[in-house]
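Just so you know, all these numbers are worked out from the coordinates, no wet-lab data involved. Nothing here was measured: the structure is a model prediction, and the numbers come from that model. So basically every Cβ, Gly included, is an ideal-geometry build from the backbone, and we count neighbours across all protein chains shown.
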Amino acid sequence: MRALITGGTSGLGAAFARALAAQGSDLVLVARDEERLHAVAGELAAAHGVTVDVLPADLSVAADLARVAERVESADDPIDLLVNSAGFGVHRKLLDPDVAGRRYAIDVMCYAVLVLSGAAGRAMRARGHGRIINISSIASWTLQGHYSAIKGWVRTYSECLANELRGTGVTVTVACPGWVHTEFHERAHIRTSAIPAWVWQDADPVVATILDDAAKGRIVSIPGWGWKAIRIGLKLAPTSAVRAVSRALVRSRD
Ligand SMILES: NC(=O)c1ccc[n+]([C@@H]2O[C@H](COP(=O)([O-])OP(=O)(O)OC[C@H]3O[C@@H](n4cnc5c(N)ncnc54)[C@H](OP(=O)(O)O)[C@@H]3O)[C@@H](O)[C@H]2O)c1
């Protein structure tokens, strides 16, 4: 078994790498920071006796993305599990005329997911087995600007891909976590002091649930009963209430 994980050096991606290496899976890790990639790869290889390859790449750069897609689709040393975890928070206003940051976010969190999932889907379908895990967010059911729009796309796209691959032996699982302790919030300069401690989850149990759901062939994975309940609340609540809660969440970051 070999898994390729984008964003495999930090947060959820690193937790996938730890969990899969502990299960004896060989890995290919993708991220921009080459030094950190080698450090994480060395630690996992030493701890679990697995082979960990590194593929430094900025997924917003066409040539880098093409190299990663080629590795995903390669028939030599096939990839059995693709995890698209690379991502970050975005909270520029939608009306901000400088769209470069939002374009970058679409490139990394939508376009790269489209290209890599397509490459994995084709290669896995030809072999008759494989798994794809894409990381969306509970924010995909809220209206928190560009980030919600991106994660909404990831969720809908992944569910469509699961439908397209139904019956081929290839499963697609889209994970929709709530707030998880990672580098995400610090990197995006998101103030977290107002977020109650009880809503936070640690990356390792979140990833254990996602891997379990993926093994069961579940298409949508929401780790944690609290977040499952919040998802049901968001589904049952009037849209006007979801809009109001979303506005309050966005205001809390301004
Ligand atoms: N943490 C949460 O509360 C939470 C909740 C729901 C969903 N999510 C989603 O979970 C995913 C993982 O986030 P995280 O919380 O684990 O954040 P994190 O700890 O900041 O990890 C982000 C990872 O993505 C990589 N990355 C970022 N930009 C990249 C690029 N342009 N090209 C290649 N790799 C890139 C980073 O490595 P380099 O910097 O070296 O490139 C790092 O390995 C994201 O898609 C995020 O939207 C997070």
inquiry  = For a Förster distance of 35 Å, can you work out the FRET efficiency between the beta-carbons of V199 and A75, rounded to the nearest 0.05?
reply    = 0.20
request  = Obtain the nm distance between the two label points defined at V220 and R125 by a simple spin-label model: each point lies 7 Å from its Cα along the Cα-to-C-beta direction.
outcome  = 2.4
task = Using R₀ = 22 Å, calculate the FRET efficiency as 1/(1 + (r/R₀)^6) where r is the Cβ-Cβ separation of M1 and E164; round to 0.05.
result = 0.40
query = For L114 and H189, FRET efficiency with R0 = 22 Å and r from the beta-carbon atoms, rounded to 0.05?
reply = 0.20
query = Binned at 10 Å from 0, what are the whole-percent values of the Cα-Cα distance distribution for segment 120-201, short to long?
reply = 17, 38, 26, 15, 3
task = May I ask you to list the lysines whose Cα is less than 17 Å away from that of K93, ignoring any residue fewer than eight positions away on the same chain?
result = K151
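Tell me, which longest segment in the chain has none of the trypsin sites (Lys or Arg not before Pro) that fall in DSSP loops with at most 14 further Cβ atoms within 10 Å?
Within the chain, the longest run free of exposed trypsin sites (Lys or Arg not before Pro) spans 1-92.
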message = Tell me the angle of helix 11-22 to the major Cα principal axis of the chain, expressed in degrees between 0 and 90 and rounded to the nearest ten.
response = 30
Rg followed by Dmax, in Å, when the chain is reduced to its Cα trace = 17.6, 53
remark   = Across P238, P56, P205, the residue with the highest GNM fluctuation in the chain (Cα network, 10 Å cutoff) is P238
Spin-label proximity, Y104 to segment 57-78 - amide N less than 18 Å from point 7 Å beyond Cα toward beta carbon = 57-65
request  = Enter the Cα centre distance for the pair segment 189-222 and segment 53-101, rounded to the nearest angstrom.
outcome  = 21
key: Rounded tilt (10° steps) of 239-251 against the dominant C-alpha axis of the chain   = 80
